[in-house]
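Engineer: Please read through the structure below; I'll follow up with questions.
Nothing in this text is a laboratory measurement; each read-out follows from the coordinates by a stated rule. Values in this document were obtained by computation on a predicted structure and should not be read as measured data. Neighbour counts are summed over all protein chains in view; Cβ atoms, including those assigned to glycine, are modelled from backbone coordinates with ideal geometry.
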Amino acid sequence: MQDLVTILYNWLAISDGPQKADLIFLFGAPTLAVPQKGLELYKAGFASYLLVTGERSLTEESGWNKTLADKYAENLIENDVDKNRIIIQNKSLNTLEDVIFSLGNLSVFKRIILVNRPIQQRRGYATFQKQTTDMVLINVPCMETMSEDQLAVRCVLEYEKIERYTNKGDIKKQVIPNEVREAYQIIKEILR
């Protein structure tokens, strides 16, 4: 099953590699892996602004006594990022809201690095593709580890979210190679 999970994961964890941009967009998630990747890119000079998102996660508990965005900003400031280089959007509860609630802050930025959990990177990208048309989007997911069983379950759930949100019109339809679709179907059957 590991080879099938790898096929599905690699499709979900879309990555372009770091490129120069105007802004680094950090999707909200209850993990500091996202702002740490943003910090790495910022300190390497890939962009001069960061936008942090998220009130809280609807599916996972962070254990933080503040919003995801505020925790991200705090982490970045503790690591010597000038607070004037951080844009905070701390009202969103999901990926679609991360993007929609941030659009008003994005009008002056044309090239944006998207940083998300690897397994959620494609959905974040597809959300941006649907909600914007005039931006260059660069995918650079953070690193995150989990057990093989947990990864298999999360890959199946994420694949299903992409199909569901495409049908709702929230995200841009993604090309799903046959190999990826077949991997999903077999993994789902194994997990039953």
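Engineer: Would you kindly derive the ³J(HN,Hα) couplings of the stretch 76-93 from the backbone phi angles with the Karplus curve 6.51 cos²θ - 1.76 cosθ + 1.60 (θ = phi - 60°), listing them in order in whole Hz, with x for Gly and Pro?
Structural biologist: 5, 5, 4, 9, 6, 8, 4, 4, 6, 9, 10, 9, 10, 10, 10, 10, 7, 10
Engineer: Here is a follow-up. Using only the Cα atoms of the stretch 119-175, build the gyration tensor, take square roots of its eigenvalues as a ≥ b ≥ c, and label the shape rounded, prolate or oblate: rounded if a/c is under 1.5, else prolate if a/b is larger than b/c, else oblate. If you can, show how the numbers build up before the last one.
Structural biologist: On the way: a/c = 3.91, a/b = 1.48, b/c = 2.64.
Taking the square roots of the gyration eigenvalues as a ≥ b ≥ c, the stretch 119-175 is oblate.
Engineer: Which value, in debye to the nearest 20, gives the size of the charge dipole of the chain about its Cα centre, when Lys and Arg are +1 and Asp and Glu are -1 at the Cβ?
Structural biologist: Dipole magnitude for the chain comes out near 540 debye.
Engineer: Given the DSSP H assignment, sum -39500 (n - 2.57) over each helix run of at least 4 residues in the chain and divide by its residue total; what's the result at 222 nm in deg cm²/dmol, nearest 500?
Structural biologist: Result for the chain, helices only: -14000 deg cm²/dmol.
Engineer: In nm, what is the difference between 0.36 nm times the number of residues separating Thr6 and Val153 and their Cα-Cα distance?
Structural biologist: 51.7 nm
Engineer: Would you work out if the stretch 2-191 is rounded, prolate or oblate? Take a ≥ b ≥ c from the square roots of the eigenvalues of the alpha-carbon gyration tensor; rounded if a/c is under 1.5, else prolate when a/b is larger than b/c, oblate otherwise.
Structural biologist: Cα axes put the stretch 2-191 in the prolate bin.
Engineer: Okay, next question. Work out how much length Ile186 to Lys168 would gain on full extension: take 0.36 nm times their residue separation and subtract the Cα-Cα distance, in nm to one decimal. The partial results should precede the final answer.
Structural biologist: Numbers: separation 18, 0.36 × 18 = 6.48 nm, distance 2.50 nm.
Full extension of this stretch gives 4.0 nm more.
Engineer: So which lysines pass the test for Lys173, namely a Cα distance under 19 Å, with those fewer than 8 places away in the same chain ruled out?
Structural biologist: Lys130, Lys161
Engineer: Given points 7 Å out from each Cα along the Cα-Cβ axis, report the Arg111 to Thr145 separation in nanometres with one decimal.
Structural biologist: Label-label distance for Arg111 and Thr145, simple model: 3.3 nm.
Engineer: Once amide H atoms are placed 1.01 Å from N in the peptide plane, what residues at a sequence separation of 5 or more from Arg111, or on another chain, have their amide H within under 5 Å of its amide H?
Structural biologist: Asp22, Leu23, Val136
Engineer: Once the piece of chain linking Thr133 and Leu93 is laid out straight, how much longer is it, given 0.36 nm per residue of separation minus the C-alpha distance between them?
Structural biologist: This chain segment gains 12.1 nm when fully extended.
Engineer: For the stretch 13-44 and the stretch 74-98, write down the distance between their C-alpha centroids in whole Å.
Structural biologist: Using only Cα atoms, the two centres lie 12 Å from each other.
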